[in-house]
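A.B. asks: Quick one: this structure, given as structure tokens, is what I'll be asking you about.
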Ligand SMILES: [Cu+2]
């Protein structure tokens, strides 16, 4: 899917007349060609071709930005631009992002690297990039007006600093940031340790994703940028379940989850079947003495967390935000509770007035996960997803850690649903059941 | 024809037969002729409905014909036909016209001669004298009076034509109102059903503990409002139906069988063109014709008055019985005290008034047509706009509302509120089309020279899309 904008150079070879903006080619010569990616599938980890070696991360439904070495400096080229992002099949949004997608590509560097990051602004308004959590010269911090002039549309700025400490970071605009982040501008950053680090264990699988949230009116495609808190799309790397890829691991792997939160609320990230330790936070690796086992870790607004666990239980283990409305897709917040209200006898009358009407909610909302009724265009059902045992009725910030004995090292291919050993799945009681006793007193 | 008319006719017939034998060129009155005249006088009035006036049939035949028409839903043209056949009011118009025409004809005749017989006895003497006397001036002015009578009768015919056009316009408008209000009432019932469903659900919601009192009461308040609107809509439909029944002159049995179409006719594909509307020459207009006829009659009357106001002459032929003495007698009224100036002044003023009336009618004619056409055209455009813009927009809103309900973005109460809004829009569409058909009837009437009012002032307003959420 990499295009590398090669058509520019090819068009130059063939004719030249068709080359748009060829005037700037000389000026652009010093710029690394921007790498643009389309599509929302998870790319395999990008093994470094030069520079100090490291074990690359896997960006969930994303990719790592290739760099070039130039006189001992790692050079990256980020392009801020409007993009179209598929959140899950059936729902695409008009966002702003970097290099073809939102979130932008993950930047992976090694502690001590000299960095030069070119940032080209193809947005209709000025922007900057703030390197969230980094130690760097104040003038490289990316705060419009405070530490630098903003990057006007059409211009390219250069950031230069040394990756001083290993850890998990993010990048995002610091110009009109409410709008630009509501539009999806953000990216992940990992600084790998330059050598063995007593506080950083080598992970076999290192997954990273950003928590982000949008408010997109069902039937439309562009986020409402003025929404403060009442978002309806809760996503990981601008994907929602069932659009989020599974986290595929081999039995016994040391697995690392790096999570950054660029939403406007906290998210308790919960893992089934295992205990993890918080091995890193905003400030870097945690002292071992502070580590304890957890199954849920809250990631507050603007925070990054690094969760390590040994995947020693085979199966399909849910991993999700524990705010249950964050594992749903868009829904109405003012829909009245219909539970316990018989509607069937009125349904005929109502469908006479509203052809196509179906009664819903008298017995709860689970029926939503199996109903397949027409929805507004470009809108996902509130609850969706199919598993081996039927409808999942999930959405938003939900995925599955698939732990498999036979998964090959370095193989991230989805192995399908777990084959449960006989006798290890909950089953229906077959004996006599007492007559049902109605709950409640009415 | 009603018995009244036939009696008039019979009486007139006898009188005319006798008189015509005496004086050639005498003006006669024939009601059937009157009606035929009417057809010629209003040739281009909307439908050919006036043709039906020709059908002079027996009451039983008319009843059967009406029954046949009423067997099916009654269209607008058929409504006029039924009224022509059935309406006593229509027959009253014709009879009144015959009465006026006979009065006019009467003035075109000379008074009957007087026969005077005198028998006087003195002691030895018996005197018998016979005298036949008649008005000489009457005889001398007979041609003038006949012309006056003809003009008066023509004016009466135009008057009748005008009255019939008015009546037909009212029938057509009554039909439009009856159909539209019945249609609208049917939709008001659907609104009520929606509100009832909401209220019933709300009561169950409260019983289940899902709604508090205020939420339940709000839904019930919509129901209460809907009950009111529904009652008013039903009343409006009943009133409009009764008005139509009266216009058609239906008796109780006929009224029971009256069925109306479910909906108003489709709008014409294009409105009448201004050129066509303006092309009706002003001298083809009923009001102009009527004013002209009245002016001619007034001028004739004035001319005649020039003579009759000054004097009166009677001639008597006398014959004595004994001795056979013959002679004549002339009575001449001497204009000593009254030279008739006031009468002539009055007649002159009446002519002037009639002339000014004609002038005013001619001047107003174009303006009335333009006004009526503007009303017609606006009503057409609004009706089209309602059907082709508002209704599709409202349909889109309802479709999307259902999709939003499917996705659980909104609840069933919002869905039902939207259904009510959509039906309100349908009612607004009906109202707009009703205004159009009322304006159309008014324009047809205006074109032929009977400026008529179109519709009520305003169209029922469609609910704004934004209101939906507030419900
Ligand atoms: Cu959450």
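The values are calculated or read from the model by the stated rules, or taken from the named source; none is laboratory data. These numbers come from a predicted model, not from an experiment. Ideal geometry is used to build each Cβ from the backbone, glycine not excepted, and the neighbour counts take in all protein chains shown.
A.B. asks: Evaluate the range A:390-397: report whether one residue or more is away from chain B (no Cβ under 14 Å), exposed (fewer than 15 other Cβ atoms within 10 Å of the Cβ), modelled with pLDDT of 95 or more and over 16 Å from residue A:247 (Cα atoms).
C.D. replies: Within the range A:390-397 (the criterion being away from chain B (no Cβ under 14 Å), exposed (fewer than 15 other Cβ atoms within 10 Å of the Cβ), modelled with pLDDT of 95 or more and over 16 Å from residue A:247 (Cα atoms)), the answer is no, since none of the residues qualifies.
Yes/no matrix, rows are residues, columns are (1) within 16 Å of the ligand (Cβ to nearest atom); (2) in a loop (DSSP other than H, G, I, E, B); (3) out of contact with any strand residue (DSSP E or B) (no Cβ under 9 Å at 6 or more places or on another chain); (4) closer than 27 Å to residue A:260 by Cα:
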position	(1), (2), (3), (4)
A:378	no, yes, no, no
A:403	no, no, no, yes
A:406	no, yes, no, no
A:413	no, yes, no, yes
A:417	no, yes, no, no
A:428	no, yes, yes, no
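A.B. asks: Which of the following residues is within 14 Å of the ligand (Cβ to nearest atom), touching a strand residue (DSSP E or B) at 6+ places or on another chain (Cβ under 8 Å) and outside the structural domain of residue A:185 (by TED's automatic domain parsing): A:296, A:286, A:279?
C.D. replies: When all the criteria are applied, what remains is A:296.
A.B. asks: Can you find, within the range A:270-280, the residue that is surrounded by the fewest Cβ atoms within 10 Å (Cβ to Cβ) among those that are more than 18 Å from the chain's Cα centre (by Cα) and part of a strand (DSSP E or B)?
C.D. replies: Restricting to residues being more than 18 Å from the chain's Cα centre (by Cα) and part of a strand (DSSP E or B), the top hit is A:278.
A.B. asks: A further question on this structure: Quick check: is even one residue across the range A:324-336 assigned to a loop (DSSP other than H, G, I, E, B) and more than 10 Å from chain B (Cβ to nearest Cβ)?
C.D. replies: Checked the range A:324-336: no residue is assigned to a loop (DSSP other than H, G, I, E, B) and more than 10 Å from chain B (Cβ to nearest Cβ).
A.B. asks: Given the conditions (1) crowded, with 20+ Cβ neighbours inside 10 Å; (2) more than 10 Å from chain B (Cβ to nearest Cβ), and given that residue A:360 satisfies all but one, which numbered condition is not satisfied?
C.D. replies: (2)
A.B. asks: Further question on the same structure: Is it true that some residue in the range A:176-186 is closer than 22 Å to residue A:283 by Cα, out of contact with any helix residue (DSSP H, G or I) (no Cβ under 9 Å at 6 or more places or on another chain), at pLDDT 95 or above and not in a loop (DSSP other than H, G, I, E, B)?
C.D. replies: Within the range A:176-186 (the criterion being closer than 22 Å to residue A:283 by Cα, out of contact with any helix residue (DSSP H, G or I) (no Cβ under 9 Å at 6 or more places or on another chain), at pLDDT 95 or above and not in a loop (DSSP other than H, G, I, E, B)), the answer is no, since none of the residues qualifies.
A.B. asks: Next question, about the same structure. Return the only residue of A:173, A:198, A:166, A:193 being more than 17 Å from residue A:279 (Cβ to Cβ), at pLDDT 95 or above, away from the ligand (no atom under 16 Å from the Cβ) and more than 14 Å from chain B (Cβ to nearest Cβ).
C.D. replies: Going through A:173, A:198, A:166, A:193 in turn, just one is more than 17 Å from residue A:279 (Cβ to Cβ), at pLDDT 95 or above, away from the ligand (no atom under 16 Å from the Cβ) and more than 14 Å from chain B (Cβ to nearest Cβ): A:173.
A.B. asks: Of these, A:338, A:304, A:331, which one is within 16 Å of the ligand (Cβ to nearest atom) and touching a helix residue (DSSP H, G or I) at 6+ places or on another chain (Cβ under 9 Å)?
C.D. replies: Just a single option satisfies the conditions, and that option is A:331.
A.B. asks: Restrict the check to the range A:349-367 and report whether at least one residue is touching a strand residue (DSSP E or B) at 6+ places or on another chain (Cβ under 7 Å) and either within 16 Å of the ligand (Cβ to nearest atom) or outside the structural domain of residue A:250 (by TED's automatic domain parsing) (or both).
C.D. replies: Yes.
A.B. asks: I would also like to ask the following. Filter the range B:204-214 down to the residues that are closer than 21 Å to residue A:363 by Cα and surrounded by fewer than 18 Cβ atoms within 10 Å (Cβ to Cβ), then identify the one that is farthest from the other protein chains (Cβ to nearest Cβ).
C.D. replies: My answer is B:212.
A.B. asks: Could you list all residues from the range A:54-78 that are surrounded by fewer than 17 Cβ atoms within 10 Å (Cβ to Cβ) and either touching a residue at least 40 places away in the same chain (Cβ under 8 Å) or touching a helix residue (DSSP H, G or I) at 6+ places or on another chain (Cβ under 6 Å) (or both)?
C.D. replies: Correct list: A:55, A:70, A:72, A:73.
A.B. asks: In the range A:202-217, what count of residues is obtained for those that are closer than 26 Å to residue A:53 by Cβ and in contact with a strand residue (DSSP E or B) (Cβ under 6 Å, 6 or more places away or on another chain)?
C.D. replies: 8
A.B. asks: Run down A:256, A:224 and say which single residue is buried (at least 24 other Cβ atoms within 10 Å of the Cβ) and not assigned by TED's automatic domain parsing to the domain that holds residue A:189.
C.D. replies: On inspection, the qualifying residue turns out to be A:256.
A.B. asks: Output the number of residues of the range B:215-229 satisfying the condition of being more than 14 Å from chain A (Cβ to nearest Cβ) and closer than 23 Å to residue B:189 by Cβ.
C.D. replies: Going through the range B:215-229 one residue at a time, the tally reaches 7.
A.B. asks: How about the range A:218-269: which strands (runs of 3 or more DSSP E) wholly inside it have at least 2 residues that are under 20 Å from residue A:331 (Cα atoms) and either within 13 Å of the ligand (Cβ to nearest atom) or more than 14 Å from every other protein chain (Cβ to nearest Cβ) (or both)?
C.D. replies: A:233-236
A.B. asks: Which of the following residues is over 28 Å from residue A:239 (Cβ atoms) and either part of a strand (DSSP E or B) or within 14 Å of chain B (Cβ to nearest Cβ) (or both): A:316, A:352?
C.D. replies: A:352
A.B. asks: Which of the residues that make up the range B:272-309 are assigned to a loop (DSSP other than H, G, I, E, B) and buried (at least 22 other Cβ atoms within 10 Å of the Cβ)?
C.D. replies: Listed by number, the list holds a single entry, B:285.
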